[in-house]
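Novice: Pasting in a structure now, in structure tokens, and then I'll have a few things to ask.
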Amino acid sequence: MAGGIRENHGDDLPENHEINVTPFIDVMLVLLIIFMVAAPLATVDVNVDLPASTATPAQRPPEPLYLTVKEDLSLSIGNDVVQRDQLASALERTTGGNKDTRVFLRADKSVDYGQFMEVMNLLRDAGYLKIALVGLETLPAPAAPAVGAPAGTAP
């Protein structure tokens, strides 16, 4: 046949329309391990029994400034104990006079609301208006069992 010669070299493979996700999964696992190992948590060594919250947490700056109200109503900036009358000057030294610094306010859950508000007023009087409240993260409570269902069974 002239002009109708077709050569078959054996390289006519059928098209594959599937995506190979194995490299994607490998990359995701490596990233997960990197974040789990390399993401340092900014912790303070002052023991406080924090109340719990189910709100979505806000992002933390690289070096957060913690102000802690302990159970005995004493104040700490980071790990340093501060007297109430010296709070403004201690914040000035710690922040370098930057009033836009966000102050993360932590309080023991046994601290009275009025005492907590006094500390917030001290911060406001010192010119620090960006205050973030710190609490423990909790999972939402499980749904109650259906009416008439024995306890421990799903509806």
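Novice: Could you pull out every one of the lysines with an alpha carbon less than 21 Å from that of K109, ignoring same-chain neighbours closer than 8 positions?
Specialist: K109 reaches K70.
Novice: Further question on the same structure: Give me the extension gain from T101 to D125: residue separation times 0.36 nm, minus the current Cα-Cα distance, reported in nm with one decimal. Working shown, then result.
Specialist: Numbers: separation 24, 0.36 × 24 = 8.64 nm, distance 1.46 nm.
Length difference between fully extended and current span is 7.2 nm.
Novice: May I ask you to list the lysines whose Cα is less than 17 Å away from that of K99, ignoring any residue fewer than eight positions away on the same chain?
Specialist: Correct list for K99: K130.
Novice: Taking H placed 1.01 Å from N in the peptide plane, check which residues at least 5 places from L105 or on another chain put their amide H under 5 Å from its amide H.
Specialist: Here the answer is L67, A132, L133, V134, since their amide H atoms fall under 5 Å of that of L105.
Novice: Between L13 and N47, what is the label-to-label distance in nm when each label sits 7 Å out along the Cα-to-Cβ direction?
Specialist: 6.4 nm
Novice: For L136, put the label point 7 Å out on the Cα→Cβ axis and report which residues of the stretch 97-121 keep their amide N under 14 Å from it.
Specialist: 107-110
Rule-based calculations on the coordinates, nothing more; no lab input. Just so we're clear, the structure is a prediction, and the values are computed from it rather than from any experiment. Ideal geometry is used to build each Cβ from the backbone, glycine not excepted, and the neighbour counts take in all protein chains shown.
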